[in-house]
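Structure first, commentary second.
Derivation of every value follows stated rules applied to the coordinates shown; laboratory data play no part. Fair warning: this is a prediction, and the values are worked out from it, not measured in the lab. Note that we place each Cβ from the backbone using ideal geometry, even for glycine, and neighbour counts take in every protein chain shown.
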Amino acid sequence: MNGNDEAPAPSRPRPVSRGVELEEPLALHGGRPVRDTPWPTYDKGAVFVHAEDEDAAIRAIRSHLYFRYDHRAQKETECGRFEDELCRYFGTRHALAVSSGTAALALALMGAGVPPGSLVACPGFTFVATPSAIVLAGCRPFLVEVDDDLRMDLDDLRRRWRPEIRAVLVVHMRGFAADVEALSAFAAEMGVPLIEDAVPALGAELNGRKLGTFGAAGAFSTQSDKALNCGEGGFLVTDDSMLFARAVALSGAYEGRLRRHFPHGEPPLSGLDLPLLSLRMDEIRAALLRAELTRLPQRLALFHRNYAHVSAALAGLPGIAVRRPVAPGAYLGEAFVFRVPGGDAGWFARALCAEGIDARNIGADDDLNVRAFWNWRFLYDHAEPGRIRATLPRTARLLAETVDVPLSSNLTPGDCDDLIRAVRKVAGVRDTALARP
Ligand SMILES: *Cc1c(COP(=O)(O)O)cnc(C)c1O
């Protein structure tokens, strides 16, 4: 796994660990790294999947019934049961399991009746899937600046409001709740629906209410990097029966299958009025997700425990600005995101990587990070990144200062301590390192 000798050289006594070993040279400068085992992330297989979850998927495979609309009643199918369980979990009237988070977002916009060609407001800091879903729904993204805590800035949205904006798509980016209460009040004032991209915040709450239940619909993903993981997939939740019926029909519930989603009455549309986009979920993934859903509370508790530990230890550290939640506990804890105001966040992220922590500077020039809006060139007729940055100068400046570290729910307290030690080590020498000409 690594070529480092774990044992210290006998002639050189190891300093007694005091948690912060500031005298240690940075690994970037040839010193000993804080850790020499890989940082656990989903793409290295560090996922929260239990033997019962595997058994559920294997049972579904052995059933040979993979398509969600088969001879069984809706409540006998894995997809149908998953949707019922989601309704109970979120307290919503409806839930629809689909093929991805991007599909869930696009279906929510189309289901809400946002006219094709309209502008849809979304934050300038999000994963590229958000503006892509707006494009998929036939609309155009209207990017809004974010605030110092990287949340969609209501003041900027209000100041630049245009009548062509026909929906607001808020994002709880990297698990941190947007100020969705204020944003939904504003959307209501403007008479447009608010949709939540709650993909990165599955299970997180704001003031006792689950994210994804504040607007007309909430969209979630079950791709491997999210709080429920079946490789690919997603779902939407809503109380709006018309939005739901349209989304079901568009997702591919043809020849009367729409009716299965309305067990207590007729659907509000026929299902022949809309194209069929085949964005359904299948039975194997739904079986895996249903099993995982039973252990979601444990997983959420681990995310929270890890994040609370890391952020409490690093909150006051000079030189970095840790994201502040919009209300106490209003985050999932799937990532540790902080800024290095006035410093060199690219250098900071490289120094952390050398210490054995996976870290990225979101706005780095040498990293085509698709969370940086200037890399969404399809929206800008392939203009130069510099010209694109100038369209949202504050967000561009903040992302240039931002460092992002993924926090898998599988992290042990020891992993979290390594992260704390590495950030302290890098922050402790940052000023001297940067002061050098
Ligand atoms: C992952 C992600 C998505 C897309 O989910 P997919 O299932 O990969 O389509 C959308 N929005 C955000 C903010 C995400 O992080």
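Here's the list of lysines a cross-link from Lys226 could span, going by alpha-carbon distance under 22 Å and ignoring same-chain residues fewer than 8 apart: Lys44, Lys210.
Using the Cα gyration tensor of region 283-416, with a ≥ b ≥ c the square roots of its eigenvalues, what is the shape: rounded (a/c below 1.5), prolate (a/b larger than b/c) or oblate (neither)? Oblate, because a/c is 1.5 or more while a/b does not exceed b/c.
For region 51-293, what is the convex hull volume of its Cα atoms per residue in Å³? Don't skip to the answer; put the middle values down first.
Numbers: hull volume 28.1 nm³, N = 243.
Spread over its residues, the Cα hull of region 51-293 gives 116 Å³ apiece.
Which value, to two decimals, describes the C-alpha radius of gyration of the chain once divided by 2.2 N^0.38 Å?
Values: Rg = 23.1 Å, N = 437, 2.2 N^0.38 = 22.2 Å.
That works out to 1.04 for the chain.
The convex hull built on the alpha-carbon positions of region 261-319 has an orientation-averaged projected area of 9.0 nm². Legend: ranking of residues Thr294, Thr402, Thr41 from fewest to most surrounding C-beta atoms inside 10 Å; resulting order Thr294, Thr41, Thr402. Exposure proxy for His50, His172, His64: other Cβ atoms within 10 Å of each Cβ, ordered fewest to most, give His64, His50, His172. Taking only the Cα atoms of region 310-354, the ratio Rg/Rh comes out at 0.99, with Rh defined as the Kirkwood radius. Pairs of Cα atoms nearer than 8 Å and 6+ residues apart set the relative contact order; for the chain it is 21 percent.
Using only DSSP helix segments of four residues or longer, with each worth -39500 (n - 2.57), what per-residue ellipticity at 222 nm results for the chain after dividing by its residue count and rounding to 500? Working shown, then result.
On the way: 13 runs with 150 residues, N = 437.
Theoretical 222 nm ellipticity from helices: -10500 deg cm²/dmol.
Per-residue Cβ neighbour counts within 10 Å put Arg246, Arg72 in the sequence Arg72, Arg246, beginning with the fewest.
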